[in-house]
DNA sequence: CATGGGATTGACT
DNA sequence: GTCAATCCCATGC
């Protein structure tokens with residue numbers, strides 16, 4: 001299993017968002033499998049790149065395969081993977097992970113204690129702010145190469161997942177686009193969760 | 001230079 | 001269900 005290279009990201013952002021489900025993010029001694037993503041593209045107003053190139057959005061227009069990290073609500077860091085050819089502003093927001101390695105370290109960084117509420121693997125990385133904190137991803141990682149690190153993304157090694165497309169979360173514009181992707185069977189995604197599979201009979 | 005608005009989360013009614 | 005925390009940056013004077 002190897003790190004995903006620039007050609008993987010240099011494609012339509014919605015396609016990359018769907019295919020990142022099942023891949024693995026690793027940083028600072030901890031790792032997790034991606035179970036939820038959202039796509040953002042300069043052509044729609046929910047994307048930071050909609051306003052064009054500014055100091056903030058410069059990374060989004062850069063070469064594919066870079067990390068775009070920004071601060072949300074003054075508190076949380078958000079980890080994105082820059083997509084599409086250089087010059088096109090687009091990225092995939094990593095929204096939830098299934099923890100693989102370094103659970104104890106994740107709990108320390110999240111400030112939750114093992115065997116207490118909020119410390120279960122399903123809650124450690126179930127949201128973009130949470131996973132950035134658990135992985136110790138900071139604004140300083142903005143622009144880092146996801147193939148070379150320190151923050152890296154690897155191709156998935158597990159069995160393929162059933163992926164569902166849903167409207168994106170927490171935005172006030174372009175709410176109709178079904179550009180949020182979740183692993184259907186995962187208990188590790190953020191809210192609102194996909195409808196549980198309906199059972200026939 | 002002042003202002004306003006978030007790609008969120010956790011605590012509380 | 002409601003609400004505040006808190007900081008970066010786009011925008012407008």
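Observations, loosely collected:
- Residue in the range A:17-37 that is within 12 Å of DNA strand B (Cβ to nearest atom), over 30 Å from residue A:104 (Cα atoms) and under 16 Å from the mean Cα position of the chain (by Cα) present: no
- Residues of the range A:109-139 that are out of contact with any helix residue (DSSP H, G or I) (no Cβ under 7 Å at 6 or more places or on another chain) and in contact (Cβ under 8 Å) with a residue 12 or more places away in the chain: A:112, A:122, A:126, A:127, A:128, A:129, A:131, A:132, A:135, A:137, A:138, A:139.
- Pairs are defined by a Cβ separation below 8 Å, a sequence spacing of at least 6 or placement on different chains, a first member in the range A:56-76 that is more than 15 Å from residue A:7 (Cα to Cα) and in a loop (DSSP other than H, G, I, E, B), and a second member that is modelled with pLDDT of 95 or more and more than 7 Å from DNA strand B (Cβ to nearest atom); the pairs so defined are A:56/A:70; A:57/A:51; A:57/A:89.
- Helices (runs of 4 or more DSSP H) completely within the range A:101-201 that count 2 or more residues being over 22 Å from residue A:19 (Cα atoms) and more than 15 Å from the chain's Cα centre (by Cα): A:103-110, A:121-124
- The set of residues in the range A:71-93 that are within 14 Å of DNA strand C (Cβ to nearest atom) and surrounded by fewer than 18 Cβ atoms within 10 Å (Cβ to Cβ) comprises A:71, A:72, A:73, A:74, A:75, A:76.
- Pair list, Cβ < 7 Å and 6+ apart or interchain, from the range A:177-197 residues that are within 16 Å of residue A:129 (Cα to Cα) to residues that are assigned to a loop (DSSP other than H, G, I, E, B) and more than 14 Å from DNA strand B (Cβ to nearest atom): none
- Residue match in the range A:146-167 (condition: more than 21 Å from residue A:82 (Cβ to Cβ), within 16 Å of DNA strand C (Cβ to nearest atom) and either surrounded by fewer than 20 Cβ atoms within 10 Å (Cβ to Cβ) or without any contact (Cβ under 8 Å) to a residue 40 or more places away in the chain (or both)): yes
- Filter result (out of contact with any strand residue (DSSP E or B) (no Cβ under 7 Å at 6 or more places or on another chain) and under 23 Å from residue A:138 (Cβ atoms)) within the range A:64-85: A:73, A:74, A:75, A:76
- Residue-level analysis places residue A:42 outside the set of residues that are farther than 18 Å from residue A:23 by Cα, surrounded by fewer than 20 Cβ atoms within 10 Å (Cβ to Cβ), more than 8 Å from DNA strand B (Cβ to nearest atom) and touching a residue at least 40 places away in the same chain (Cβ under 8 Å).
Okay, residues lined up against (1) at pLDDT below 95; (2) over 22 Å from residue A:118 (Cβ atoms); (3) in contact with a strand residue (DSSP E or B) (Cβ under 8 Å, 6 or more places away or on another chain); (4) within 12 Å of DNA strand B (Cβ to nearest atom):
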residue	(1), (2), (3), (4)
A:132	no, no, yes, yes
A:144	no, yes, yes, no
A:158	yes, yes, yes, no
A:175	yes, yes, no, yes
A:199	yes, yes, no, no
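The values are calculated or read from the model by the stated rules, or taken from the named source; none is laboratory data. All values reported here derive from a predicted model rather than from experimental measurement. Neighbour counts run over all protein chains shown; Cβ positions are idealised from the backbone, glycine included.
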